[in-house]
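These notes concern the structure reproduced below.
The values are calculated or read from the model by the stated rules, or taken from the named source; none is laboratory data. Treat the numbers as computed from the prediction; the structure is a model and nothing was measured. Here Cβ is always computed from backbone atoms with ideal geometry, including for glycine, and neighbour counts include all displayed protein chains.
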Amino acid sequence: MLVLIATLLYQPLRFGAFYRLPTEAEWEYAARAGTNTAYYFGDNNKELDKYAWYYANSNGTYHKVGQKEPNPWGLYDMYGNVAEWTLDQYLPKAYQNRNSITKNPIEFPIEEYPRSVRGGSYLDDNQDLRSASRMASTENWKMRDPQFPKSKWWNTDAPFVGFRIVRIEDIPSKNELDKYWGEERP
């Protein structure tokens, strides 16, 4: 079902297709790129400078995508630079309740906060950039949003968060769409 995880700078969008955020499981699968180590390049975080912008080398800001080495599947900036939204509600113990036969798990959001963010950012330490590392969103990320009510997506105080998108081969049914977007969608 999963066709594409793309950075918008490198892949054109196709109209009439279904796009969404990746689930946490899809994001981690893409980040690991067939590996089972802490980072797709191994377990030694001393090599991280070649692959990611993070606290030690970013000068406190994000950078143009593609300046570091890609993972084995050719995906750039899976670690660091900006952390990436996923579709899942952040549940601290979600992975403790799963077993090895769970297929494409997802925690469909039931509340606005927290949502799961993956990959770490230019503000994070090296251990926060591991493939399995997760972070929870907070309301503070949009404190200066001038809109009333505040926008779900305008994170004025979170320049360290971005996103990738996934394109699904078949457009989901109405029931499946409602799971992703809720019954009240634009």
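Quick one: how many residues across the range 93-124 are over 22 Å from Phe163 (Cβ atoms) and either part of a strand (DSSP E or B) or not hydrophobic (A, V, I, L, M, F, W, C) (or both)?
Result for the range 93-124: 8.
Quick one: Ile171 ticks every box in (1) out of contact with any Pro (no Cβ under 9 Å at 6 or more places or on another chain); (2) surrounded by 14 or more Cβ atoms within 10 Å (Cβ to Cβ) bar one, so which box is it?
(2)
So which residues in the range 135-186 are in a loop (DSSP other than H, G, I, E, B) and β-branched (Val, Ile, Thr), if there are any at all?
Those that are in a loop (DSSP other than H, G, I, E, B) and β-branched (Val, Ile, Thr): Thr138, Thr156, Ile171.
Filter the range 132-142 for residues that are exposed (fewer than 13 other Cβ atoms within 10 Å of the Cβ) and more than 13 Å from Thr156 (Cβ to Cβ) and give the result.
Within the range 132-142, just Ala132 meets the criteria.
Six or more apart or on different chains, Cβ atoms under 6 Å: show the pairs whose first residue is in the range 152-164 and more than 16 Å from Asn81 (Cα to Cα) and whose second is of a type in the set (Asp, Glu) and surrounded by fewer than 20 Cβ atoms within 10 Å (Cβ to Cβ).
Qualifying pairs under 6 Å: Trp154/Asp145; Thr156/Asp145.
Looking only at the range 73-94, which residues are farther than 24 Å from Asn59 by Cβ and either among the aliphatic types (A, V, I, L, M) or in contact with an Asp or Glu (Cβ under 9 Å, 6 or more places away or on another chain) (or both)?
Result: Thr86, Leu87, Asp88, Gln89, Tyr90, Leu91, Ala94.
Look through the range 43-67, keep the residues that are of a type in the set (Phe, Trp, Tyr) and within 13 Å of Asp125 (Cα to Cα), and return whichever of them is surrounded by the most Cβ atoms within 10 Å (Cβ to Cβ).
By that ranking, first place goes to Trp53.
If you take the residues in the range 93-131 that are among the hydrophobic types (A, V, I, L, M, F, W, C) and surrounded by 11 or more Cβ atoms within 10 Å (Cβ to Cβ), which one is nearest to Lys50 (Cα to Cα)?
Among residues in the range 93-131 that are among the hydrophobic types (A, V, I, L, M, F, W, C) and surrounded by 11 or more Cβ atoms within 10 Å (Cβ to Cβ), the one nearest to Lys50 (Cα to Cα) is Leu129.
Sort out which residues of the range 139-173 are of a type in the set (Lys, Arg) and at pLDDT below 85, and write them in order of number.
Within the range 139-173, Lys150, Lys152 meet the criteria.
Given (1) among the charged types (D, E, K, R); (2) touching an Asp or Glu at 6+ places or on another chain (Cβ under 8 Å); (3) at pLDDT below 90, identify the lone condition not met by Glu183.
Unmet condition: (2).
Among the residues of the range 78-92, which ones are surrounded by fewer than 22 Cβ atoms within 10 Å (Cβ to Cβ), out of contact with any Pro (no Cβ under 6 Å at 6 or more places or on another chain) and not in a strand (DSSP E or B)?
Answer for the range 78-92, where residues must be surrounded by fewer than 22 Cβ atoms within 10 Å (Cβ to Cβ), out of contact with any Pro (no Cβ under 6 Å at 6 or more places or on another chain) and not in a strand (DSSP E or B): Leu91, Pro92.
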